Amino acid sequence: MQAAYVGEDGLEIGEVPCPEPKPQEILLRVRTAALNRADLAVASGAAHGAMGGRGTVPGLEFAGEIAALGSDVTNWQVGDRVMCSGAGGYAEYAVTDHLRALPIPEGFDFDRAATLPLALQTMHNALVENGGMSAGDSVLILGASSGVGLMGQQIARLLGARVVIGSSTDDARRAKLTEFGAHHAINTSDADWPDQVRSLTDGGVDLVIDQISGPLVTPAMQAAAVRGRIVNVGRLGGSTTEFDCDLHALKRIRYIGVTFRTRSIEEIRAIVAGVKRDLWPAVCDGTLHLPIDRSFALADAVEALEHMHANRHFGKILLHP
């Protein structure tokens, strides 16, 4: 089959063996794959959890039709249309665990479906399971113009947040945040942005979902309420920084780190089940949705990743094997 894989000098396009599903896996004929930030590292040869290195096919979310079933799979049939998280999506065929897949809702095409799995899983887990969000909470999403960030705003609004604040340092993207669930949009390049957040939330925000980290860690604590929660989802601004331990203690902040890289398959299955339990009607009726920035053919996977690396996109970037 044709795939984009990590070669000696970066990402290459060519023939690789078609994967075979293990007993609890399904094999998909991939119709659309969506790009994610982690793909940039994998394509450069770095590891992302258990995956990485020469020969690796990037791609963490995709949509298509089931082409074959593992011997233990009874909840799907060949031909079913599904969207899923997994690995190896930059290819004509890819496998995933049968409980990591969700049915594509009626009326959805493969492009629309491929935008959703990881954003839904990441932000439901961050907001609900780790962030302990309740109706009436105030929520701040740092790095809100990414696909995952846009979904986080919408989920927070859906679940009854009284105030949703999104951040972006790009003027054009920041102007669009209120179209995707935010009540207010801030620029973290402003020196007083923690003061702005405190003003918008009557003294401090209850829950921060931080996709940036690095230099924003201490300001995020400044913006948080006493007994606020901060969930560290991403580290686009840097993986190390100075940490104000006294501020952390004074505000009694719960600071929680999350990643899919160290989760067991049972934990990931539970995350997918949580999405279906709490969000599925809002997925099917289009309440939870993401914009598509641009689509590329599989042969242009390198160009697609360069487009993501340039950081000028708004919404999801797609590949068509």
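General remarks:
- Here GLY64 passes the criteria (1) under 24 Å from SER295 (Cα atoms); (2) in contact (Cβ under 8 Å) with a residue 60 or more places away in the chain; (3) assigned to a strand (DSSP E or B) except the one numbered (2).
- Exclusive hit being modelled with pLDDT of 95 or more, aliphatic (A, V, I, L, M) and more than 25 Å from GLU92 (Cα to Cα), set ALA310, ALA304, ALA282, ALA299: ALA282
- Filter result (assigned to a strand (DSSP E or B) and open to solvent by less than 20 Å² (accessible area, probe 1.4 Å)) within segment 279-317: PHE296, LYS316, ILE317
- Flag for ILE268 being of a type outside the set (Phe, Trp, Tyr), buried (at least 17 other Cβ atoms within 10 Å of the Cβ), assigned to a helix (DSSP H, G or I) and at pLDDT 95 or above: yes
- Looking across segment 70-98, just one residue is on the phi > 0 side of the Ramachandran plot and open to solvent by 30 Å² or more (accessible area, probe 1.4 Å), and that is GLY79.
- Residue in segment 209-240 that is nearest to SER138 (Cα to Cα), counting only those that are out of contact with any Lys or Arg (no Cβ under 9 Å at 6 or more places or on another chain) and part of a loop (DSSP other than H, G, I, E, B): VAL233
- GLY59 fulfils the conditions (1) at pLDDT 95 or above; (2) among the small types (Gly, Ala, Ser); (3) part of a loop (DSSP other than H, G, I, E, B); (4) loosely packed, with under 15 Cβ neighbours inside 10 Å except for a single criterion, (4).
- Set side by side, the residues GLY160, GLY203 differ, and just one is closer than 26 Å to LYS316 by Cα and out of contact with any Cys (no Cβ under 6 Å at 6 or more places or on another chain), which is GLY160.
- Residues that are surrounded by 24 or more Cβ atoms within 10 Å (Cβ to Cβ) number at least 2 in the following helices (runs of 4 or more DSSP H) confined to segment 99-188: 110-114, 117-124, 147-158.
Residues are listed down the side, and each one gets a yes or a no for (1) within 27 Å of ARG294 (Cβ to Cβ); (2) among the small types (Gly, Ala, Ser):
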| residue | (1), (2) |
| --- | --- |
| GLY7 | yes, yes |
| PRO19 | no, no |
| LEU40 | yes, no |
| ALA43 | yes, yes |
| ASP72 | no, no |
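- Among residues of segment 246-265, those that are over 20 Å from GLY234 (Cβ atoms) and either touching a Phe, Trp or Tyr at 6+ places or on another chain (Cβ under 8 Å) or part of a helix (DSSP H, G or I) (or both), counted: 5
Here is a yes/no grid of residues against (1) over 17 Å from the mean Cα position of the chain (by Cα); (2) at negative phi; (3) of a type in the set (Ser, Thr, Tyr):
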| site | (1), (2), (3) |
| --- | --- |
| GLY147 | no, yes, no |
| ARG174 | yes, yes, no |
| THR188 | yes, yes, yes |
| ILE209 | no, yes, no |
| PRO215 | yes, yes, no |
| GLY228 | yes, yes, no |
| HIS248 | yes, yes, no |
| ARG254 | yes, yes, no |
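- Residue count for segment 21-35 satisfying the condition of being outside any strand (DSSP E or B) and among the aliphatic types (A, V, I, L, M): 1.
- Filter result for VAL42 (in a strand (DSSP E or B) and either touching a Pro at 6+ places or on another chain (Cβ under 8 Å) or open to solvent by 50 Å² or more (accessible area, probe 1.4 Å) (or both)): no
- Residue in segment 221-265 that is surrounded by the most Cβ atoms within 10 Å (Cβ to Cβ), counting only those that are of a type in the set (Asp, Glu) and touching a residue at least 12 places away in the same chain (Cβ under 8 Å): ASP244
- Pairs where the first residue, in segment 150-172, is farther than 20 Å from THR188 by Cα and the second is assigned to a helix (DSSP H, G or I) and open to solvent by 50 Å² or more (accessible area, probe 1.4 Å), C-beta under 8 Å, 6+ apart: LEU159/ASP278
The values are calculated or read from the model by the stated rules, or taken from the named source; none is laboratory data. All values derive from a computational prediction rather than experimental measurement. Cβ sites come from the backbone with ideal geometry, for glycine too, and all protein chains shown count toward neighbours. Only protein heavy atoms, including side chains, enter the accessible area calculation; ligands, DNA and RNA are left aside. Shrake-Rupley method; radii C 1.70, N 1.55, O 1.52, S 1.80 Å.
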